Amino acid sequence: MSAQTSPPGTALVTGATAGIGLEFARQLAARGHDLVLVARDRQRLDDVAGTLRRAGVTVEVLAADLADRDQLATVEARLADRARPVDLLVNNAGFGLKGRFLDHEVADEQRLLDVLVTAVMRLSHAALGAQVSRGRGGVLNVSSVAAYLPRGSYSAAKAWVNSFGRWAAAEYRPHGVTVTTLCPGFVKTEFHQRMGVRRGSGPLWLDADFLVSEALADFDRGRAFSIPGRRYRAIVAVTRLVPSPVLQRLQSLGRR
């Protein structure tokens, strides 16, 4: 008689109705994960959940705006619920702002910080507390190659995610918990259209299915960072050698 393998458990994905988040939900469902999907739009959540349930997995939906502290607290509580453990948290929700720092109202910059940093910190705290107590689990935070470049508050926020992820990966590995930080570059999703920026084409524009497949493979290997694509790995390597003032001249890329 062959040994039974344990089910992969439940994964919670934020920003799960489009782009990278939706692809994470699809690929995790294909792996057999039950899902908790988080996004602002309840109708889109229900539509995605209905499709994924046909893959034979259980799907729960939580409509929440992660910039709203009360709604964020609902997601935190779900992650901290030890009676219904979440084995993998994918912190994917995010957005960008087209202009430079002073082009935006400070309220818009605050919302960016709330979603890209505060939500990631609070949700990671809730998930890690429960996972460390069980001695297993994982967090996969979606950052950006922009973290390695001087590109205003978006890059600064993603640099925080990278720094936090590097530390957390080492801190919680001995407790059986994997923390992986995914750093995508340009991806063929709705992200740029929602910024009001034209989506480009060419070798630097990656497909979401490739990106997520690479990220999950790196997570499975226990890697602290996942930078899909040889070109982006080369770009990150170069950023360590090029002076910051030179890199700053490139900050308009991806904003037109």
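Structural remarks
- The chain, accessible surface, carbon-and-sulfur percent (1.4 angstrom probe): 52 percent
- Modelled label positions at Val106 and Thr58, each set 7 Å beyond Cα in the direction of Cβ, lie 4.6 nm from each other.
- In this Cβ point-charge picture (+1 for Lys and Arg, -1 for Asp and Glu), the chain has a dipole of about 820 debye about its Cα centre.
- Glu60 long-range amide H proximity, modeled H, under 5 Å: Leu35, Val36, Leu37
- Solvent-accessible heavy-atom area per residue, rounded to whole Å², over the chain at 1.4 Å: 50 Å²
- Between Asp70 and Asp46, residue separation times 0.36 nm minus the direct Cα-Cα distance comes to 6.5 nm.
The values are calculated or read from the model by the stated rules, or taken from the named source; none is laboratory data. Model, not experiment: these values are computed from the prediction. Positions of Cβ are generated from backbone atoms using ideal geometry, with glycine treated the same way; all protein chains shown enter the neighbour counts. Heavy atoms of the whole protein, side chains included, go into the accessibility calculation; ligands, DNA and RNA do not. Shrake-Rupley method; radii C 1.70, N 1.55, O 1.52, S 1.80 Å.
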